[in-house]
Amino acid sequence: MVHSHKITSLWCCLELKKTAMGNKESTPEKKGSPETEAVEKDKEVNVSLLNLQVGLIRKAWKHPSADSLLVEEIDVGDAKLRQVVSGLAKYFDPDELMNRRVVLITNVKPGKLRDVMSEGLVLCASSKDHTVVEPLIPPESAKIGECISFSGIDGKPEGVLNPKKKQFEKIAPNLFTDDKGVATFKGIPFMTSGGPCTSSISKASIK
C-alpha cells in the first residue's frame, strides 16, 4: 500500500507539471501573427507612400562638377520650381529635356548631390542592359502638379520619405512597364486625369 501511495503521488505530480507546461505553451505570444507581419510588409512596399506628381521641366543644364549628372528646374504647380539632379547626362542633352513632362517623386528628403541641392526624383524607365534610359511620359492632357493614382490602392503619401527605412528601394522592384510600355506598380497603371503614363521602353524597370 505504501508503494501504491507513492506511485499515485508521483503520477499526480507528473500530471500537474504536464498541465502547467501545457498552459504555458498555450499562452499567446506577444509576437505578431503571420497575417499581421504580412500586412506590415505590404505597407512597406505600398506605392501610396510615394508622392508622385506630373511635372514639367522648365530648364536643364549640366552639373558643374559631375559629367554623368544633369540639373533640372521642374514645375509641379507650386509657386517655386523644384531643382532636381538626375543621372541623365549619358542619355540626354539638356536641351532635349526642356518642356518635357515627367513623373516626379516630390516627397524624397532634399539633399545635395555633388554639392548641388536636389528636391525630387525623376522616375525613368530603363532597358535591361541600361543602354536606354528615359523619363516616364505623362499624357499631354494631364495637369501639371496632379498626383498619380493607382486603381484599388488607397493610402496617404509620407510627408517625407525616411532614407533609413529605404522605402523607395523596397517599392522600386515592383515598378515596371508592361508589354505595351504602360508604367505600372505590380501591373497597375500609373494613372492621371489624361490617362496612363507610358514609356517607349516596354518590359523595363522603373527607377
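Across region 97-113, coupling constants 3J(HN,Hα) worked out from phi with the 6.51/-1.76/1.60 Karplus curve, θ = phi - 60°, read 8, 4, 6, 9, 7, 9, 9, 10, 7, 9, 10, 6, 6, x, x, 8, 10 Hz, and Gly and Pro carry x. Using a cut-off of 32 Å between Cα atoms, the listed pairs Lys165/Lys186; Lys80/Lys203; Lys80/Lys128; Lys62/Lys156; Lys143/Lys170; Lys90/Lys156 include Lys80/Lys203; Lys80/Lys128; Lys62/Lys156; Lys90/Lys156 as exceeding that distance.
Summing Cβ point charges (Lys, Arg +1; Asp, Glu -1) relative to the Cα centre of region 47-206 gives a dipole of roughly 480 debye.
Of His63, His130, the sequence from fewest to most neighbouring Cβ atoms within 10 angstrom is His130, His63. Around the amide H of Ala66, modelled in the peptide plane, lies no amide H under 5 Å away from a residue 5 or more places distant or on another chain.
Bear in mind these aren't lab numbers, they're just calculated from the coordinates by the rules spelled out. Please read all numbers here as calculations on a predicted model, not as lab measurements. Glycine also receives a Cβ, built like all others from the backbone with ideal geometry; neighbour counts cover every protein chain displayed.
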